[in-house]
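Down below is the structure, laid out as structure tokens.
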């Protein structure tokens, strides 16, 4: 779990994904639409991807991907990100994390 948290804290926006996950793709498009450039870790392309997926599940992400860190903090999966967007909070969170500038 420390590896996942460390990677999640490494950039303003970090997304753990899988290549064939349509919701991961949708979340990446949404976040990039604000002008952010997230670091993306495709778990199905990493040698330790299964261990990372297990750690994400232990953090409370179900399903395990997408898992989004913003401002060095675990925000959640697609439901949480979409809810933040609907409430108008996602943009504020991205600005606070210095992922975008307005």
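Brief remarks on what is shown
- Test set (1) surrounded by 12 or more Cβ atoms within 10 Å (Cβ to Cβ); (2) modelled with pLDDT under 95; (3) over 19 Å from residue 71 (Cα atoms) - residue 56 fails condition number: (3)
- Check on residue 86, at pLDDT 95 or above and surrounded by fewer than 14 Cβ atoms within 10 Å (Cβ to Cβ): yes
- Residue match in segment 78-87 (condition: closer than 28 Å to residue 101 by Cβ and in contact with a strand residue (DSSP E or B) (Cβ under 6 Å, 6 or more places away or on another chain)): yes
- Filter result for residue 68 (crowded, with 19+ Cβ neighbours inside 10 Å, within 13 Å of the chain's Cα centre (by Cα) and modelled with pLDDT under 95): no
- Scanning segment 1-10 for residues that are out of contact with any helix residue (DSSP H, G or I) (no Cβ under 7 Å at 6 or more places or on another chain) and surrounded by fewer than 19 Cβ atoms within 10 Å (Cβ to Cβ) turns up 2, 5, 6, 7, 9, 10.
- The number of residues in segment 8-56 that are in contact (Cβ under 8 Å) with a residue 40 or more places away in the chain and not in a loop (DSSP other than H, G, I, E, B) comes to 16.
The values are calculated or read from the model by the stated rules, or taken from the named source; none is laboratory data. Values in this document were obtained by computation on a predicted structure and should not be read as measured data. We place every Cβ from the backbone using ideal geometry, glycine too, and count neighbours over all the protein chains shown.
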